[in-house]
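Working notes, beginning with the structure itself.
The values are calculated or read from the model by the stated rules, or taken from the named source; none is laboratory data. All figures in this text were calculated on a predicted structure; none of them were measured in a lab. Methodologically, a virtual Cβ is constructed for each residue, glycine included, from the backbone with ideal geometry; neighbour enumeration extends over all protein chains shown.
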Amino acid sequence: MTRKGEPIIRSCFARMFYKIINKLSKIEMVDEARDYRLMTRQVVSAITLMEEYNRYSKGIFSFVGFKTKWLEYENVKRIVGETKWSFSKLLFMLLKVSLVFQL
């Protein structure tokens, strides 16, 4: 998985986010992992049992601790729409996630 097709500044901020969050947290989150998942019923059940209201999916997928298998694919530039993750939103999520995952 790569960040090909993303603006350079966004890629830099995203990489910094994951480096910082992995230093602050006991849960390792993989940079360049995407939000698309195939999950077994066990994984879905574990996630739905959590009492999170504002779910950070990548953190939760790492937190529940099931074995993960990665599938490579090419990241292509969006044709329609834009990301909703600005630098300030990434920073806020970093602070929020680091507090939640410091168990």
(message) So for the stretch 58-80 (the condition being surrounded by fewer than 14 Cβ atoms within 10 Å (Cβ to Cβ), assigned to a helix (DSSP H, G or I) and either in contact (Cβ under 8 Å) with a residue 40 or more places away in the chain or small (Gly, Ala, Ser) (or both)), does at least one residue qualify?
(response) no
(request) Would you please name the residue that is nearest to Val80 (Cα to Cα), looking only at residues in the stretch 2-43 that are assigned to a helix (DSSP H, G or I), among the polar types (S, T, N, Q) and modelled with pLDDT of 80 or more? (result) Asn22
(message) I'm told Glu82 meets every condition in (1) more than 22 Å from Met16 (Cβ to Cβ); (2) modelled with pLDDT of 75 or more except one. Can you identify the failing condition by its number?
(response) (1)
(message) Can you pull out every residue in the stretch 35-51 that is hydroxyl-bearing (Ser, Thr, Tyr) and surrounded by 10 or more Cβ atoms within 10 Å (Cβ to Cβ)?
(response) Thr40, Ser45
(message) Tell me yes or no: at least one residue of the stretch 44-56 is polar (S, T, N, Q), without any contact (Cβ under 8 Å) to a residue 40 or more places away in the chain and assigned to a loop (DSSP other than H, G, I, E, B).
(response) no
